[in-house]
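Read the structure below first, then the notes.
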Amino acid sequence: MKKSIQLLIGSLLLLLTTAKLTAQNGTVRGTVSDKATGEALMFSNVLVKGSDPVVGTQTDLDGNYELKLAAGKYDLEFSYVGYTTQTVTGLEVKDGEITVFDFLMSSDAIELDLDIVVSAERIDRTENALLVLQMKAPAIQDGISAQEISRYGSSNAAESMKRVTGASVQDGKYIVVRGLGDRYSNAQLNGQQLPSTDPYRNSTQLDLIPANLLDNVVASKTFTPDMPGNFTGGNVNIKTKSFPERFTLSASVSSSYNTQSSLIDNFLTHEGGSTDWLGYDDGSRDIPAILQDPNTRQELKASSFIFGPRDEELGRLIDESARGLSPELDPSTTSTPMNHGISFSVGNQFNVADKPLGVLFGVNYSRSFSHYGDGRFQNWEVNPGGEELVNNLALDDVRSVDNPTIGGLLGLAYKFTPTNKVSLNVLYNHDGTKLSRSLEGAYPAIISGSGTFQTRSIQFIEREIASFQLNGEHILGKNKDKNGIQFDWAGSFTMTGQDEPDFRLFANTFRVRDNGDVQYFISPAEYDLPFHFFRELNEEQIQFKGDFTIPFAQQASTANKLKFGANFRTKDRSFEEDQWQIINFDNIAPYDGTGTDFFRENSGMLTEEGSTNQTVGLYPISQRDISNSYDGTESVFAAYGMVTLDLDRFKIIGGVRLENTDITVESRDTNFDVGNIQQLDVLPSLNIVYRLTEKMNLRASATQTLARPNMRELAPFTSFDLIGGFRITGNPNLERTLVQNYDVRWEYYPNPGEVF
């Protein structure tokens, strides 16, 4: 496997460097865009003045052009129907090198005298160009370009989003737009929805995409019919690069210091496997094979033993089962390094069958630590029959999380004609969360007297996503007066999973006697005995979409367009949970406060000192609740139509989207109701832009969107993260919510690169 990976990487690097090594002439590449709108100009002419025979080309559907020229200085002529022909003089081309020159066309003639190699200025990736697109966009939106991402040194898409107006990031990965949580935000990759790897959240982890592969990140604040209808705060579209202008190779090493979690020696942790630092469990937390045997589950139940084990075979079963589970139920402490990470990316563009092929490859690894030692965990409720709040729980909270992440992205884009492009993106991300937590304090709701309650949790979660995305862009026809119909399509297959092996919970009480001695005990009459949970979730998603854009009345404005399309998305989920509780049959030594040592020394069959007699110590019993395992499907079909009409100072963008939702979540326990949502929703949208001046807009919008519960919320699945903590149970009777959105925004662009 290792040799295969090395061969694959070596072949990829060789492929990426081919164009550079085989170049004979110089190359000029760039993008031609409208100076007023920032939009790429398809099929504009780029000619070398004075050439005989004439040397030139046309821009493609992305406004890109490429010329192969011998070394020297050239004058380039840019022309397009409806625009003044413009000339750039003295553009220097060097043998074997790529010169990047982007050009903005306007109604005014522009002539630039250049006597040096023109430095690259990617119009669609600069902050200036992105702000121009934002000013001309149909919806309220904010974003960040590759130029700004590089300037701020962001390492991934989540860090990049911190620079976007109205957006923030929770836990370093989950997006919050305009103060609304993950339920009301969407994340897309190149226009296709990314699923979440966390069954408890709707939001995608945005830290899974390396920043050096990004073209831009745009957060749309208002809904238009060509967007998914299930957002209110924002729809975040992450666009990756397709065609690098030249060979690029980037490698970076990063580190950061946090006063709470870096270089401390009281960081909570627990024993794990040899690959925990990568975010992968090495199998040491897997449920023991003996506990997977149905016969074992049948034998080890709370009602199985009344007078002790009935035979030697049963004693062996008890002993192997008890010793197969980890005795570590109490976190230990360790020292931490600083947060650190490493990333690598490489890209190039070269010709295959005389057509451009763009290749991008990037990988990243990071490991971060978070810790707090002065948290408070409290619960209050109204006194029954009264109006006063009663404190049921008041605990001091210490929590530590070790979070390693590995991710990678491979992008291939091929333009087999100037008007037809196909791209493939493969995305992989693996995220590990190693959490250790300890709380103690008063629990007057269940513990009488002066006892102090202690509760701990040890958890390791692996989340993984692998996405394969295919996109196509095509111009179906054109003539000298207008662009043709644009057809965009996309399909994707995504696999996500979450594995939670051996999640452990343990609680006890202690009292300090008058003489200063400490008395520890475990009280099953007041709270649950220790638990071992094993959970696994697997999900597959398939997605297709197609969009047609038809320009009309282009003589009046190039913004006049009719757009319609359809989208289909379906996913299947399977979730299973197994739980084992540690109980005590015979009288063993009382709990002495040593945690892990206590469970190691008192588990399984115990031999009395000075005797061959055996007694039953601590052992697991099956507490599997089949209602906590469920299967679910979710299908959403959408169709939409919208029109953009530019009327002098007014731009009107209106339309409607139909979304049909079909969600079914069924517990393995047939005694529970099936969660089901079948609903056809009409989602209208109206956006109006009034141009107060050339640099100032007044925007208003009225739209309707929706919010859907996720499958975990529809399943009768009960979970809790602490003994004594809150229990969260799904409700199969939940419904989707319709949301009416009304937005007004004034925006002013005083100078290039500035917005207020």
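Go over the candidates Pro244, Pro225 one by one and state the one that is over 23 Å from the mean Cα position of the chain (by Cα), in a loop (DSSP other than H, G, I, E, B) and closer than 30 Å to Gly654 by Cα.
Pro225
Could you figure out which of (1) at pLDDT below 90; (2) closer than 30 Å to Thr57 by Cα isn't true of Gly358?
Going through the list (1) at pLDDT below 90; (2) closer than 30 Å to Thr57 by Cα, Gly358 breaks only (1).
Can you work out which of the residues in region 246-302 that are in contact with a helix residue (DSSP H, G or I) (Cβ under 9 Å, 6 or more places away or on another chain) and more than 27 Å from Ile582 (Cβ to Cβ) is surrounded by the fewest Cβ atoms within 10 Å (Cβ to Cβ)?
Ranking the qualifying residues of region 246-302, first place goes to Leu249.
Scan region 713-727 for residues that are open to solvent by less than 40 Å² (accessible area, probe 1.4 Å) and either in contact with a Phe, Trp or Tyr (Cβ under 6 Å, 6 or more places away or on another chain) or among the hydrophobic types (A, V, I, L, M, F, W, C) (or both) and jot them down.
Leu714, Ala715, Pro716, Phe717, Phe720, Leu722, Ile723, Gly724 - these are the residues of region 713-727 that are open to solvent by less than 40 Å² (accessible area, probe 1.4 Å) and either in contact with a Phe, Trp or Tyr (Cβ under 6 Å, 6 or more places away or on another chain) or among the hydrophobic types (A, V, I, L, M, F, W, C) (or both).
Which strands (runs of 3 or more DSSP E) sit wholly inside region 577-695 and have at least 1 residues that are modelled with pLDDT of 90 or more and over 27 Å from Phe533 (Cα atoms)?
Passing ranges, in order: 630-647, 650-667, 675-693.
Give Thr570, Thr558 a once-over and let me know the one that is hydroxyl-bearing (Ser, Thr, Tyr) and at pLDDT 95 or above.
Answer to the selection: Thr570.
Could you tell me how many of the residues in region 523-535 are open to solvent by 50 Å² or more (accessible area, probe 1.4 Å) and in contact with a Ser or Thr (Cβ under 8 Å, 6 or more places away or on another chain)?
1
So how many residues does region 721-756 have that are closer than 25 Å to Tyr527 by Cβ and free of Cβ contacts under 8 Å to residues at least 24 places away in the same chain?
Of the residues in that region, 3 qualify.
Which members of region 443-463 meet the condition of being open to solvent by 50 Å² or more (accessible area, probe 1.4 Å) and modelled with pLDDT of 90 or more?
Scanning region 443-463 gives no hits.
Yes/no matrix, rows are residues, columns are (1) open to solvent by 30 Å² or more (accessible area, probe 1.4 Å); (2) free of Cβ contacts under 8 Å to residues at least 60 places away in the same chain; (3) not basic (Lys, Arg):
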residue	(1), (2), (3)
Phe564	yes, no, yes
Arg573	no, no, no
Phe599	no, no, yes
Ser603	no, no, yes
Glu609	yes, yes, yes
Ile621	no, no, yes
Ala639	yes, no, yes
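Where in region 83-181 are there strands (runs of 3 or more DSSP E), lying fully within it, with 2 or more residues that are at pLDDT 70 or above?
Those strands (runs of 3 or more DSSP E) span 83-93, 98-100, 103-105, 141-145, 167-170, 174-177.
Any chance region 484-500 includes a residue that's open to solvent by less than 50 Å² (accessible area, probe 1.4 Å), farther than 23 Å from Gly191 by Cβ, at pLDDT 90 or above and not in a strand (DSSP E or B)?
no
Would it be correct to say that Arg201 is open to solvent by 20 Å² or more (accessible area, probe 1.4 Å), basic (Lys, Arg) and farther than 25 Å from Gly655 by Cα?
Spelling it out, Arg201 is indeed open to solvent by 20 Å² or more (accessible area, probe 1.4 Å), basic (Lys, Arg) and farther than 25 Å from Gly655 by Cα.
Mind telling me which of the residues Val177, Val169 ends up being open to solvent by 20 Å² or more (accessible area, probe 1.4 Å) and touching a helix residue (DSSP H, G or I) at 6+ places or on another chain (Cβ under 8 Å)?
The conditions single out Val169.
What is the number of the single condition among (1) buried (at least 17 other Cβ atoms within 10 Å of the Cβ); (2) modelled with pLDDT under 95; (3) within 23 Å of Thr333 (Cα to Cα) that Lys434 does not meet?
(2)
The values are calculated or read from the model by the stated rules, or taken from the named source; none is laboratory data. A quick note: this is a predicted structure, and the numbers were derived from the prediction, not measured. Quick reminder, even Gly has a Cβ in these numbers, built from the backbone with ideal geometry, and neighbours come from all protein chains shown. The accessibility values were calculated without ligands, DNA or RNA, using every heavy atom of the protein model including side chains. Shrake-Rupley method; radii C 1.70, N 1.55, O 1.52, S 1.80 Å.
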